[in-house]
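The values are calculated or read from the model by the stated rules, or taken from the named source; none is laboratory data. Everything quoted here is computed from the prediction, not taken from an experiment. Positions of Cβ are backbone-derived with ideal geometry, glycine not excepted, and every protein chain shown enters the neighbour counts. We work out accessible area using only protein heavy atoms, side chains counted, and drop any ligands, DNA or RNA first. Shrake-Rupley method; radii C 1.70, N 1.55, O 1.52, S 1.80 Å.
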Amino acid sequence: MRSEEAIRAAVQRVGRIVRVRRAALYGLRGLAWGLTTGLIPLLGKAGLGPAALPAALALAAVGGMAGIVYGLLLPVPLREPARLVDRTFRLDDRLATAVEHLGQVPRGPLVEALIEDAADRVRDRDLGATVPWRWPREVRILPASALALWVLVLLPPVRFPEGVFPSLTPSGEQEAERQAQSVPVAQDRRLARARETAPRVEVQERDYLRRRGTGRETQQGDLSAIFRDTNIAQRRPDFSSFLKHGDDRLKILGQVESLPDLQRDFTQSQFRVAFRRAKRLLAGIRPDQVSPEKLRELLDEMRRLGRRGGGEEWGQDVWEGSEALADGRMQRALEAMERALSRMRAMEERSGKGLEGGRDRGRGQGRNPGMRGGEGEDFGEYEGSLPGKGTNPDWRGAPSTRLAQDPLDSAVEGQPRRGRRDAFDTNLLGKGSRNPSHLPYMSVYAQYRKMMEEALTKETIPLDYRTQVKEYFRALEER
Amino acid sequence: MGEERVERFGRAFEALRGEIQKVIVGHDDIVEQVLVCLFVGGHVLLEGVPGLGKTLLVKTLSGCLDLSFSRIQFTPDLMPADIIGTNIIGEDAEGRRHFQFQRGPIFAHIVLADEVNRATPKTQSALLEAMQEGNVTVSGTAYPVPVPFFVLATQNPIEMEGTYPLPEAQLDRFLFKLRVRYPALEELNEIIERTTRAEEPTVGHALPGDQVSGFKELVREVPIASHVRELASTIVTATHPQWPQAPEVTRRYIRYGASPRAAQALVLGGKVLALRAGRFNVSAEDLKAITLPALRHRIILNFEGEAEGIDVDQLILQVVEAAEVEARRGKEVFFR
């Protein structure tokens, strides 16, 4: 029993020392931060007056006290001081093990012996050395903070220059003065602002859905657009792909009439140009903040676009907008501009959503000769009726006038051929046929057949695949 | 009473070690760890090139203990029945015939399984079943092996031709894997001196066999502090790359970590070391002293570890270091 008490007393004593050391550690830490914070009222001594120094000292004291209280309140589990003693006196965890087994009932002979042993080893030890002093990192800023505090006490109050920061909110007088100096339209804006309570027609961008197989926007002169909207658009144009799918591409190239018009840049349609400018003009600002000059520029631009074509549809709206702007009626001018935009958009949709080409033109001619598309027509909805697709019996589509008109362009002509498998004999016409990289299919066949035979001879092809390779080349030869 | 038992254990341990060292030169750590295994009740796998005294060590140990000993030389054509025994037809006094079980060499207190990796897995498993279960089943009848039952298996790490390496699941059943290294120059001189003279060194019985079981019970009574137990668990868990706090070396080089048997081996081995030191409790240092033999055969390196030729022992030392740091993590500044 005496051993137990000795162990408990030793552990409790170390626990108390830990609390004191902790209080000192956290107290110093709190004091350092308190002193640093205390510099703030001293810097504002000019405003606080004689209360600055007591406030600074109070902050330092509160910081120190808070640290001390925190250190004292932190729990000290019994086994932790025991481990500290074990570590300090190299007791090989005797005391910590004994402390954990003090409450064990019944105790075995080894536990009894352990308690006796541990008690003997902690008796007459200087437990004060168990818990070393630990200095907080903040103690490094403590002298600097104290010195700064002392200097600020001695120095006269620091006066901050006034008007350092410009006023970001203009006063009412400045605003009135600025409005007086502005153009006469600005005077009418007050009236317009009062009237603009009704909800405005929202300008929305109606983007076209990108069709499957098209990875990017078609640019002018982009020949890869020939294969867009087809299932081979994403395939790599390597030789093996050519051997397997060359016929598919050639078939598509044969449908020259259904190819899109690559000479035209679809991204620069009238509506899109006008819409982008309108969007830039109206983005993120209120209607009363729209610059009349910018709006006038936009309306002028729309009028110019109307002269190129389609102006009869939205020209009236543009004219009304210009008139309203001249009268200083911004709201009416904006509404007229939005109406004009809507009409442009409707006209754009009627014309086939910007994709004007042989395919689109052919479809329009098929349905209603002489007209380019129809009202409410949707490209995807009628995809099955396009030439060469779905249920349309006309697999070649209408002939394109572009290729015939341009003798410098390239073209592919072909004839279907019946055999074991349907094939297509093709010839490249125009300047593309003079391209030195052009390889006629039937002439390279012999070279590749020779390479195949060499590969078979050198046994680089596995035995099981030899027959298949031979069959494949034989099938090609038959064509 | 407790002190007296601990003292007796310490004396017996030192007496056994002294007797063995009359024959075995050097290898103090190997001798000590073999004795730790004996008192824990585990089995030992000794790995080393031929001629380093592995077999001699086991034979000497059996000579020091008053226990039965048998040696089984494992060969590819060794069959399970050659180890565990078989039923033979016997005849009683009245001339009636019946099957009677003829016990194999495994029925001994100390079994030396020499070159255990030379036998087929079927034969190896016959031995390993006895190690784990403590009995042998033949024709539906279980025959318990004698207590204490101590298997010391040896294997040669370089001659891999025609061998059947023990699978990881079977390796796990050995408490320790000890690497017998080549002796130093002075030790080699001493070996030559002792083994080339006329009289050969002899050993006497240092410990009665029945006391071994008593000491095994004493070992399990040794108390252990919770933080020491947690250290053992942390070390074993730190060998698992899946553990979120696993050290970098573990994630990089280890495929599978040690099993819970490794933690048991650490704690039990630590208890024997504590008793040997005359202590009544296990310390963290006891655990760290036996991490290598307890873990090295339970850690499986991944491809990167194998390709870079990572030494498992070095890896374990780094893992232990990281585990100690992990055990201190989150503690208040005074208790770190």
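For the stretch B:1-89, list the helices (runs of 4 or more DSSP H) that sit wholly inside it and hold at least 3 residues that are within 14 Å of residue B:207 (Cβ to Cβ) and of a type in the set (A, V, I, L, M); which are they?
Ranges flagged: B:2-23, B:28-40.
Of the residues A:88, A:36, which single one is part of a helix (DSSP H, G or I) and within 30 Å of residue A:123 (Cα to Cα)?
Answer to the check: A:88.
With respect to residue B:261, is the statement that it is open to solvent by 20 Å² or more (accessible area, probe 1.4 Å), at pLDDT 90 or above and out of contact with any Asp or Glu (no Cβ under 7 Å at 6 or more places or on another chain) true?
In short, no.
So, in the stretch B:136-154, how many residues would count as being more than 17 Å from residue B:71 (Cβ to Cβ) and either of a type in the set (Phe, Trp, Tyr) or exposed (fewer than 14 other Cβ atoms within 10 Å of the Cβ) (or both)?
Number of matching residues: 7.
Each row is one residue, and each column tells you yes or no for (1) without any contact (Cβ under 8 Å) to a residue 60 or more places away in the chain; (2) small (Gly, Ala, Ser); (3) touching a Ser or Thr at 6+ places or on another chain (Cβ under 9 Å); (4) open to solvent by less than 20 Å² (accessible area, probe 1.4 Å).
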site: B:16; (1), (2), (3), (4): no, no, no, yes
site: B:22; (1), (2), (3), (4): no, no, yes, no
site: B:26; (1), (2), (3), (4): no, yes, no, yes
site: B:51; (1), (2), (3), (4): yes, yes, no, no
site: B:61; (1), (2), (3), (4): no, no, no, yes
site: B:72; (1), (2), (3), (4): yes, no, no, yes
site: B:82; (1), (2), (3), (4): yes, no, yes, no
site: B:89; (1), (2), (3), (4): yes, no, no, no
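Suppose the filter is in contact with a strand residue (DSSP E or B) (Cβ under 8 Å, 6 or more places away or on another chain) and either open to solvent by 20 Å² or more (accessible area, probe 1.4 Å) or modelled with pLDDT of 90 or more (or both); does residue B:56 pass it?
no
Give the residues of the stretch B:113-134 that are among the charged types (D, E, K, R) and touching a His at 6+ places or on another chain (Cβ under 7 Å), sorted by residue number.
Correct list: empty.
Taking the conditions exactly as written (buried (at least 18 other Cβ atoms within 10 Å of the Cβ), more than 21 Å from residue B:176 (Cα to Cα) and within 11 Å of chain A (Cβ to nearest Cβ)), does residue B:335 satisfy them or not?
In short, no.
Is it the case that some residue within the stretch B:217-224 is open to solvent by 30 Å² or more (accessible area, probe 1.4 Å), out of contact with any Leu (no Cβ under 6 Å at 6 or more places or on another chain), farther than 25 Å from residue B:116 by Cα and not hydroxyl-bearing (Ser, Thr, Tyr)?
yes
Take the conditions more than 12 Å from chain A (Cβ to nearest Cβ), surrounded by 18 or more Cβ atoms within 10 Å (Cβ to Cβ) and of a type in the set (Gly, Ala, Ser) and apply them to residue B:305. Does it pass?
yes
Within the stretch B:228-238, which residues are within 14 Å of another protein chain (Cβ to nearest Cβ) and open to solvent by 20 Å² or more (accessible area, probe 1.4 Å)?
B:229, B:230
What residue, among those in the stretch A:125-145 that are assigned to a helix (DSSP H, G or I) and within 20 Å of residue A:85 (Cα to Cα), is most open to solvent (accessible area, probe 1.4 Å)?
Within the stretch A:125-145, the match that is most open to solvent (accessible area, probe 1.4 Å) is A:129.
So is residue B:257 within 19 Å of residue B:7 (Cβ to Cβ) and under 23 Å from the mean Cα position of the chain (by Cα) or not?
no
Would you tally the residues in the stretch B:239-298 being within 14 Å of chain A (Cβ to nearest Cβ) and outside any helix (DSSP H, G or I)?
7
Please identify the pairs in which a residue from the stretch A:118-138 that is in the same structural domain as residue A:88 (by TED's automatic domain parsing) has its Cβ atom under 6 Å from the Cβ atom of a residue that is of a type in the set (Val, Ile, Thr) and open to solvent by 10 Å² or more (accessible area, probe 1.4 Å), counting only partners at least 6 apart or on another chain.
Between residues of the stretch A:118-138 that are in the same structural domain as residue A:88 (by TED's automatic domain parsing) and residues that are of a type in the set (Val, Ile, Thr) and open to solvent by 10 Å² or more (accessible area, probe 1.4 Å), the close pairs are A:130/A:88; A:131/A:17.
Looking at the stretch A:65-79, can you tell me whether even one residue there is open to solvent by less than 30 Å² (accessible area, probe 1.4 Å), part of a helix (DSSP H, G or I) and either more than 9 Å from chain B (Cβ to nearest Cβ) or out of contact with any helix residue (DSSP H, G or I) (no Cβ under 7 Å at 6 or more places or on another chain) (or both)?
Yes: one or more hits.
When residues of the stretch A:1-42 are filtered for being over 30 Å from residue A:96 (Cβ atoms) and in contact with a helix residue (DSSP H, G or I) (Cβ under 7 Å, 6 or more places away or on another chain), how many remain?
Matching residues across the stretch A:1-42 total 12.
Name every residue in the stretch A:98-120 that is small (Gly, Ala, Ser) and at the interface with another protein chain (Cβ under 7 Å from one of its Cβ atoms), in order of residue number.
A:108, A:113
Mind checking whether some residue in the stretch B:313-331 is over 29 Å from residue A:76 (Cβ atoms), within 14 Å of chain A (Cβ to nearest Cβ), in contact (Cβ under 8 Å) with a residue 24 or more places away in the chain and touching an Asp or Glu at 6+ places or on another chain (Cβ under 9 Å)?
no
For the stretch A:15-35, name all the residues that are open to solvent by less than 20 Å² (accessible area, probe 1.4 Å) and at the interface with another protein chain (Cβ under 10 Å from one of its Cβ atoms).
Answer for the stretch A:15-35, where residues must be open to solvent by less than 20 Å² (accessible area, probe 1.4 Å) and at the interface with another protein chain (Cβ under 10 Å from one of its Cβ atoms): A:18, A:22, A:25.
Select from the stretch A:95-124 the residues that are touching a helix residue (DSSP H, G or I) at 6+ places or on another chain (Cβ under 9 Å) and either surrounded by fewer than 16 Cβ atoms within 10 Å (Cβ to Cβ) or of a type in the set (Ser, Thr, Tyr) (or both) and list them in ascending order.
If the condition is that a residue be touching a helix residue (DSSP H, G or I) at 6+ places or on another chain (Cβ under 9 Å) and either surrounded by fewer than 16 Cβ atoms within 10 Å (Cβ to Cβ) or of a type in the set (Ser, Thr, Tyr) (or both), then A:97, A:104, A:120, A:123 are the ones that fit.
Taking the condition within 12 Å of chain B (Cβ to nearest Cβ), farther than 18 Å from residue A:12 by Cα and assigned to a helix (DSSP H, G or I), does residue A:95 pass?
Criteria not met by residue A:95.
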